[in-house]
Amino acid sequence: MVKRIILWFIQGIIVGFGAIMPGVSGGTLCVAFGMYVPIIQTISHPRTNLRRYFWRLSVFVLGAAVGFVGLSGLAGWLLGKNSTLVTCAFVGFILGTWPEIWEEAGTEGRGKKAFLCLGAGFLGMLLLLTFLQKSNIAAVPPNFWGFLFCGVLWGISFIVPGLSSSTLLLFFGLYQPMLDGIASLRPIVIFPVFIGALLCLASLSKGVNALYKKYYTIVSHFIVGVVIATTIMVIPVQNSGSADTIWRIICIAGAAICSYSFTRICAKIKQEP
């Protein structure tokens, strides 16, 4: 039990810290760690599932808070030093979880519809992210309503794994003000973000949970397609020298190996009585 508590806490820290990084989806990491369905089920039907997942989610949420709030300053510092290599490391981390996500998606079998939905998720997210990259969206003022909007985007990024709220916030000009506010523990930033995320999760989770129950294979493979598209789109491809390219490959490969090993350890611990 102690091993599992430590594992859930570490997973929470990684999800919270990863959710801050542009291009990285907190929902994707939740899927990789097997936390996505418990979160959705608990929020949509708390009376039924709160007792079932209480300790698991309590420790996980605490870890996520530490990663999100406590490490936001570190995230800003790392992004300032070398955002490209940091992004490459998180790309590698997500790549290392692909085998686990694929295995989980196929627990109830696979068919033509599953692969069609995978393709639909991939193409849909690819088109959405391409549009967002090329669009010129007006900036949103960094006030209460702006940070409430940040929270709504955080909630959506957990409901739709693969969609990075941090990337969207960069388009709206809210990312840096939000990051600075969280790092300095400003209530005027933290409370609206929390409220917006909670409202979004509470309003959308029941629908997602119902879809999972009725169409698990289709929905899970759609999410796999979304995750693949997001991972591809956030890989830094701008021109660079051979040395920079080598470092990017090292970061991606190293992080992928670490995350794959971590998911294997998670699987072994889960199997323990």
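The values are calculated or read from the model by the stated rules, or taken from the named source; none is laboratory data. Keep in mind it's a predicted model, so treat the numbers as computed, not measured. All Cβ positions, even for glycine, are placed from backbone atoms using ideal geometry, and neighbour counts span all protein chains on display. Surface accessibility is based on the protein's heavy atoms, side chains included, excluding ligands, DNA and RNA. Shrake-Rupley method; radii C 1.70, N 1.55, O 1.52, S 1.80 Å.
Numerical summary
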{"quantity": "From 155, 151, residue being open to solvent by less than 40 Å² (accessible area, probe 1.4 Å), modelled with pLDDT of 85 or more and under 15 Å from the mean Cα position of the chain (by Cα)", "calculated": "151"}
{"quantity": "Options 33, 68, 115: the member that is out of contact with any Lys or Arg (no Cβ under 7 Å at 6 or more places or on another chain), of a type in the set (Phe, Trp, Tyr) and surrounded by fewer than 17 Cβ atoms within 10 Å (Cβ to Cβ)", "calculated": "115"}
{"quantity": "Per-region count, the stretch 222-246, residues closer than 14 Å to residue 115 by Cβ and open to solvent by less than 60 Å² (accessible area, probe 1.4 Å)", "calculated": "4"}
{"quantity": "Of the criteria (1) farther than 18 Å from residue 100 by Cα; (2) in contact with a helix residue (DSSP H, G or I) (Cβ under 9 Å, 6 or more places away or on another chain), which one residue 47 fails", "calculated": "(2)"}
{"quantity": "Contacts under 6 angstrom Cβ, first residue in the stretch 193-217 being farther than 15 Å from residue 145 by Cβ, partner loosely packed, with under 14 Cβ neighbours inside 10 Å and not aliphatic (A, V, I, L, M), 6 or more apart", "calculated": "216/108; 217/108"}
{"quantity": "Residue tally, condition open to solvent by less than 10 Å² (accessible area, probe 1.4 Å) and β-branched (Val, Ile, Thr), over the stretch 36-56", "calculated": "1"}
{"quantity": "Enumerated helices (runs of 4 or more DSSP H) restricted to the stretch 140-257, each holding at least 2 residues that are of a type in the set (A, V, I, L, M, F, W, C) and more than 20 Å from residue 12 (Cα to Cα)", "calculated": "144-159, 165-172, 187-214, 216-234"}
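The rows are residues; the columns are (1) over 30 Å from residue 49 (Cβ atoms); (2) open to solvent by 50 Å² or more (accessible area, probe 1.4 Å); (3) modelled with pLDDT under 80.
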residue	(1), (2), (3)
177	yes, no, no
198	no, yes, no
204	no, yes, no
211	no, yes, no
216	no, no, no
220	no, no, no
